[in-house]
Structure formats: C-alpha cells, structure tokens
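> Below you will find the structure I want to go over with you.
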Amino acid sequence: MGTEYLIDAKGLHKHFKKVRAVDGVDFSLAKGEYVALLGPNGAGKTTLVEMIEGIRTPDAGEILVRGRSLNEDKSALYGILGISFQETRFLEKITVLETIRLFASFYKQPDEKIGKVIHLVGLEDKKDAYTKNLSGGQRQRLALGISLLNDPEILILDEPTTGLDPSARREIWDILLKLKNKMGTSLILTTHYMEEATQLCDRIIIMDKGRFLAEGSLSSLVGRMKMPDVAFFTVEGKIPDDQVIRQSDLVIEWDREKGRGKCEMKNVATDMPLLFAFLEENNLRLIDFEHTKPSLDDVFLSMTGRRLSEETE
C-alpha cells in the first residue's frame, strides 16, 4: 500500500500579472510528517501555503485533503487545520487568558483546554498580562497557542520565528518538537532559516521562483549535490610557496599572509589523516582547526548561484 497523505496537491499554479508565484508544483504531507518549505523571500512559499489553507484559489491544479478536493469542499480542511502567521495582531487591552478564552469560544472549548494550551506554550506566568506588553517571542507563542485550540492534525506556520532572538526562536522549536513527539501533529513550515528547517523537519523542500528545486533530508540533498566537507585551519611555520598545493587527493588553498589554509574533503575518514600528515611533514604547527559540513545555504548556492538571504526578484 502507498502512503496515505493528509494533503496531496498536483500541478499547482498561481500567477500575479507577470509573476509566476507558484509555477507547477506537486506537494504532499503524510500524517506525523514535518515538512519545511525553504527559500528566500519571494520564492513563492507563502502563496503556496495560502492555496493549501484555502485562502487563495489555484489558477490550475488540484488540492486533495484526505482524498477530498479542496476546490469542491473547503470544509474538509477547516476542521483539521491550525494556522499561525509571521505576525498576528491582538486586541491590546485584553490579557493572554482572555485572548485564549475568546478564540476557544469559537470552538466551544472548555476552560480545561484553555489551561492546557497556556501551559503547552509556556505562558502561565503571563496569563494575566495585557497582550500589548508581551515580547515578540511571547506574542508568537500566543499565536501558536491559538492555532492549537482545535487540536489540529495539520499545523501551518508561515515564517513563525522571523525577527525573534535565538532564545525565543528555540522556545518555539521546543514547543513544535513536543507536538511532534507527543501528539503526532503534522507540520508545514515556511522559513528561510537553515537551522530551523534542519532541526525541526523530516523533509526539506528547496523552493525558488515558484518551483521546487529539490527535496529530502539535509544529508540526502548534500549527497545529491556531491558537496565536500571543508576544513579551515591556521598554522605556524614556513608555508610552502605555492598558493594551491595538491597532496594525493587533497587540494589545499593558502592565504599566506594570514597563515590560514582551506581544504575540501570528499571523504573525511581518509582525507583528514592525509592533511595532518602533510602538516607534520612540512613542520607546520596547527594553531586552530575548524571542520564544517555543507549547509542548506551551500546547497541553495550550488543550485542557484545565490544565497538564501537574497530576495527573489
């Protein structure tokens, strides 16, 4: 039997005048799966999730939710979906507890559920605070809590940690990992943070100019591009005169003024000893050493010639 998808979309297109925001993509989401849509601003991520949410209608293509067409019946989606946007505006002169209670009333949820949600997003000590006095991270946790009130099977988060400091970002990550491990929630996450996609998601889809460029885990994407690990190191001693040195299968590039070298390694287990042997043979004393693995930004750069931080025109 094949995988049973909560969401199965085929051939989605959405154009705005001359801009092909989404240009013929297929997307699926299985139960319990966390999927990241990773790409720069303007890649088409938000337009894609807005079609999945039922906010926008595709120009072409079809979205199935539990096997039922969203084009024919959007009610199939609303009962199982929770949404949290990049920025949510709240009534400023009501408290966190009053805000959660207001939204819970739309789903006819009991007070017990309100308390559970406040606990889940870590806002017990802020439940009597006015929303206008919350920090950016606390406001995002409140928005996330609201999206969880209907016990959604599918959670869609659009750039949920943009602008947050690293500590606040990790608080959001901890909540999402708890949802995955204890509640089996499925997640669609749009982000341009490489670490966020890597930490949270089972599958990463790299998107640019309305199209999917590649998808898979970080290791599979790096393996597909055949990208080497890189070692950066600083040495003390007389560096060979050549700026580029080939030693067996190694290529060592030197910044002679700084005494700093760079070496790409296709096979760390065999290449690392070769590098250390070369340094010893040439009486070069190692001062510092950094071994880096290819990142999603490196994969994106290899595919497009641009960094993830650069906006798509």
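We did not get these values from a lab; they are worked out from the coordinates using the rules stated. Note that the coordinates shown come from a computational prediction; the quantities given were computed from them, not determined experimentally. Don't worry about glycine lacking a Cβ; one is built from the backbone with ideal geometry, like all the others, and counts go over all protein chains shown.
> Could you state the number of Å between the C-alpha centres of segment 39-57 and segment 81-124?
The distance from the Cα centre of segment 81-124 to that of segment 39-57 comes to 25 Å.
> Another question about this same structure. Give a residue-ordered list of calculated ³J(HN,Hα) values for segment 219-235 (Karplus: 6.51 cos²θ - 1.76 cosθ + 1.60, θ = phi - 60°; whole Hz; x for Gly, Pro).
Karplus values, whole Hz, x for Gly and Pro: 5, 6, 5, 5, x, 5, 8, 6, 8, x, 6, 10, 10, 10, 8, 10, 10.
> To continue, here is another question. Counting helices only, and only those DSSP H runs with n ≥ 4, report the 222 nm mean residue ellipticity of the chain as the sum of -39,500 (n - 2.57) divided by its residues, in deg cm²/dmol to the nearest 500.
-9500 deg cm²/dmol
> Provide the gained length on full extension for the span Ala269 to Lys93, in nm with one decimal, where the gain is 0.36 nm per separating residue minus the Cα-Cα distance.
Extending this stretch completely gives an extra 57.3 nm.
> Note down the nm distance, to one decimal, between modelled labels 7 Å out along Cα→Cβ at Asn41 and at Tyr130.
Those two pseudo-labels are separated by 3.1 nm.
> Would you look at the GNM of the chain, springs on alpha carbons closer than 10 Å, and say which of Ile94, Ile287, Ile175 moves the most?
Ile287
> What is the helix-to-structure angle for 136-147, meaning the angle in degrees between its Cα long axis and the longest Cα principal axis of the chain, kept from 0 to 90 and rounded to the nearest 10?
50 degrees
> According to the Cα gyration tensor, what semi-axes, each the square root of 5 times an eigenvalue, does the equivalent ellipsoid of segment 228-293 have, listed from largest to smallest in whole Å? Could the numbers behind the result be given before it?
Working: eigenvalues 59, 30, 26 Å².
After scaling each eigenvalue by five and taking roots: 17, 12, 11 Å.
> Then there's this: Which one of Gly44, Gly82, Gly259 has the biggest mean-square fluctuation once the chain is modelled by GNM with Cα springs under 10 Å?
Ranking Gly44, Gly82, Gly259 by mean-square fluctuation puts Gly259 first.
> Going down the table (Lys93/Lys126; Lys10/Lys74; Lys14/Lys180; Lys14/Lys45; Lys180/Lys293; Lys180/Lys226), which pairs top 22 Å between alpha carbons?
Over 22 Å apart, Cα to Cα: Lys14/Lys180; Lys180/Lys293; Lys180/Lys226.
> Under a Cβ-Cβ cut-off of 11 Å, what is the net charge of the residues other than Thr191 that fall near it, where Lys and Arg count +1 and Asp and Glu count -1?
Surrounding charge for Thr191 is -2.
> Given R₀ = 35 Å, FRET efficiency for Ser220-Phe289 by Cβ-Cβ distance, to 0.05?
The calculated FRET efficiency here is 0.80.
> Could you calculate the FRET efficiency of Asp73 with Lys10 from 1/(1 + (r/R0)^6), where r is the beta carbon distance between them and R0 is 22 Å, rounded to 0.05?
Numbers: r = 17 Å, r/R0 = 0.78.
Once the sixth-power term is evaluated, E becomes 0.80.
> Can you list the HN-Hα couplings for segment 295-302, worked out from phi with the Karplus curve (6.51, -1.76, 1.60; θ = phi - 60°), rounded to whole Hz and with x for Gly and Pro?
With coefficients 6.51, -1.76 and 1.60, one gets 9, 5, 5, 5, 4, 5, 4, 5 Hz.
> Pull up all non-local amide H partners of Leu213: gap of 5 or more, or a different chain, and H-to-H distance under 5 Å with H placed in the peptide plane.
Placed amide hydrogens put Ile206, Met207, Asp208 under 5 Å from Leu213.
> At q = 0.07, 0.12 Å⁻¹, what base-10 log of I(q)/I(0) does the Debye formula yield for the chain when every alpha carbon is treated as an equal point scatterer in vacuo?
-0.38, -0.88
> Determine the gain in length on full extension of the stretch Asp151-Ser248; use 0.36 nm per residue of separation and subtract their C-alpha separation, reporting nm with one decimal.
So the chain would gain 29.1 nm between Asp151 and Ser248.
> Same structure again: Loop only per DSSP, at most 14 neighbouring Cβ atoms within 10 Å: give me the trypsin sites (Lys or Arg not before Pro) in segment 205-313, ordered by residue number.
Lys226, Lys238, Arg256, Lys258, Lys266, Arg306, Arg307
> Thr99: net charge of surrounding residues, Cβ under 15 Å, Lys/Arg +1, Asp/Glu -1, itself excluded?
Here the charged neighbours net out to +4.
> What does the convex hull of the Cα atoms come to per residue for segment 100-230, in Å³? Spell out each step's value before the answer.
Numbers: hull volume 18.7 nm³, N = 131.
Per residue, the Cα convex hull of segment 100-230 comes to 142 Å³.
> Hey, what did the chain get for relative contact order, percent, Cα under 8 Å, at least 6 apart?
20 percent
> On C-alpha positions alone, give me the angle between the axis of helix 268-281 and the longest principal axis of the chain, in degrees, nearest 10.
40 degrees
> Tell me, what is the percent relative contact order of segment 232-297, built from C-alpha pairs under 8 Å that lie six or more residues apart?
Relative contact order comes out at 43 percent.
> In whole Å, how far is the Cα centre of segment 251-305 from that of segment 195-227?
Value for the Cα centre distance between the two parts: 24 Å.
> Take the Cβ-Cβ distance between Glu280 and Lys31 as r, set R0 to 51 Å, and report the resulting FRET efficiency rounded to the nearest 0.05.
0.40
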